[in-house]
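Reading through the structure tokens given below for one structure.
The values are calculated or read from the model by the stated rules, or taken from the named source; none is laboratory data. Keep in mind it's a predicted model, so treat the numbers as computed, not measured. Note that we place each Cβ from the backbone using ideal geometry, even for glycine, and neighbour counts take in every protein chain shown. Side chains included, ligands, DNA and RNA excluded: accessible areas come from the protein's heavy atoms. Shrake-Rupley method; radii C 1.70, N 1.55, O 1.52, S 1.80 Å.
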Amino acid sequence: MPIHFRTTVYGLITAGLMTAQTGWAQTRKAPGALPKQVSILDGRAYLRFPAGAVSSARPVDIMSAKPDEQLETRVVMDFGEHRVVFFARELFRLADKQFVSQAAAFEAGRFPATTQVIGNTDSLAAVVSTATRHDTAASAILLKRLLVRTIDNTVLVVDAYVNPQGFPRKAKYEALADSVFRTVRPGKRLLSRKAHTETQDRLVFQLPENYVLSRKQSYDFFVYSIRPMTPLLAESTSGITVYLGNHPSPVYRDEGMPASAAQPLDGNFLGKKIQWMGFSKPTDQLYWREQIIPAALGKNGQLAHVFVHSTSPGGLNELTAIVEAITVKK
């Protein structure tokens, strides 16, 4: 599946992880003071780091959209050949006063770890998970994870990794990660959970309650993603991607399926009649509709590749209705 549709977070954050040789960090000792406050996910929360920590966006190639600071934050610290990376992401998950117990259950299904509550107030609740088993063959080895519920009852995550050279000093870097995580403070930026209209570039989106829009841009394309915010322990995932550019990549092709396997369905996009191509891979719990529309924004305009996906076939109709409600700004 093309990179603008699926992102393998753990692989992509490791770019440059093996070459840790910058600046202040020729000492191998992790400093104890944490004087540097860093905004996480553009003001969703704040963490404090050692003075030499650098907020550095994940490197991408020219064919990929640049990382969105509202979707991810990457903070790098080098200690000689050792590199520690903190990587924060929006989860687009919801939690309530049961967050602490839900967090333990959420992590239990993802990696072997022990969990500890480090904060539990109305404005912010936080749980730290410490890995009890490690993938030492990985280029980025997960040490700890911070799961945070903010005042708007949405959830974000911050992972702490070390490269293989630094893993023998695991205890030192675990202690550093723990110290950083314990400085977590609520930010001022909240996610809009109410139904609302949002305009990006020339497109106007009608977003239902608990749907979030994000935008990425590269030198010759735009990617708009619409995600529903689901309960923390929900099994299902779904979403919408609208790609505007000249090099779309059909998802069915990347999934190894022929165009002839599509189930046609009449629809529309930006006032044009289209025929959705419907596909299903039940063994992968993947159901989707897609279509490529020439000159979607007018004559000689870019192609639009619209992709709607869900882990259940029943979720596609609601998502399709959201896509078909998109209009062009007058």
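I'd like the full set of residues that are in a helix (DSSP H, G or I), touching a strand residue (DSSP E or B) at 6+ places or on another chain (Cβ under 8 Å) and open to solvent by 40 Å² or more (accessible area, probe 1.4 Å), limited to segment 105-119.
If the condition is that a residue be in a helix (DSSP H, G or I), touching a strand residue (DSSP E or B) at 6+ places or on another chain (Cβ under 8 Å) and open to solvent by 40 Å² or more (accessible area, probe 1.4 Å), then no residue fits.
Could you list, in sequence order, all residues of segment 203-250 that are part of a strand (DSSP E or B), open to solvent by 40 Å² or more (accessible area, probe 1.4 Å) and at pLDDT below 95? Quick ask: steps written out before the conclusion?
Looking only at segment 203-250, we keep the residues that are part of a strand (DSSP E or B), and these are 203-207, 211-217, 222-228, 230-231, 238-245.
After this cut, where a residue has to be open to solvent by 40 Å² or more (accessible area, probe 1.4 Å) as well, the list is 206, 215-217, 222, 227, 231.
If the condition is that a residue be part of a strand (DSSP E or B), open to solvent by 40 Å² or more (accessible area, probe 1.4 Å) and at pLDDT below 95, then Arg215, Lys216, Gln217, Phe222 are the ones that fit.
From Val38, Val76, Val100, grab the single residue that is at pLDDT 80 or above, of a type outside the set (Lys, Arg), crowded, with 17+ Cβ neighbours inside 10 Å and under 23 Å from Ala137 (Cβ atoms).
Result: Val76 is the single residue among Val38, Val76, Val100 that is at pLDDT 80 or above, of a type outside the set (Lys, Arg), crowded, with 17+ Cβ neighbours inside 10 Å and under 23 Å from Ala137 (Cβ atoms).
Does Thr183 satisfy the condition of being open to solvent by less than 70 Å² (accessible area, probe 1.4 Å), part of a loop (DSSP other than H, G, I, E, B) and at negative phi? Steps first, answer last, please.
Numbers: open to solvent by less than 70 Å² (accessible area, probe 1.4 Å): yes; part of a loop (DSSP other than H, G, I, E, B): yes; at negative phi: yes.
Spelling it out, Thr183 is indeed open to solvent by less than 70 Å² (accessible area, probe 1.4 Å), part of a loop (DSSP other than H, G, I, E, B) and at negative phi.
Could you please let me know if Leu190 is hydrophobic (A, V, I, L, M, F, W, C) and either open to solvent by 10 Å² or more (accessible area, probe 1.4 Å) or at pLDDT below 95 (or both)?
yes
Does Thr19 meet the test of being among the polar types (S, T, N, Q) and either open to solvent by less than 50 Å² (accessible area, probe 1.4 Å) or modelled with pLDDT of 80 or more (or both)?
Criteria not met by Thr19.
Conditions (1) over 22 Å from the mean Cα position of the chain (by Cα); (2) modelled with pLDDT under 90, marked per residue:
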{"position": "Ser280", "(1), (2)": "yes, no"}
{"position": "Thr283", "(1), (2)": "yes, no"}
{"position": "Gly298", "(1), (2)": "yes, yes"}
{"position": "Val306", "(1), (2)": "no, no"}
{"position": "Gly314", "(1), (2)": "yes, yes"}
{"position": "Ala321", "(1), (2)": "yes, no"}
{"position": "Thr327", "(1), (2)": "yes, no"}
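Looking at segment 193-203, can you tell me whether even one residue there is among the β-branched types (Val, Ile, Thr) and more than 22 Å from Glu107 (Cβ to Cβ)?
yes
Taking Arg83, is it modelled with pLDDT of 95 or more, open to solvent by less than 30 Å² (accessible area, probe 1.4 Å) and over 18 Å from the mean Cα position of the chain (by Cα)?
Yes, satisfied.
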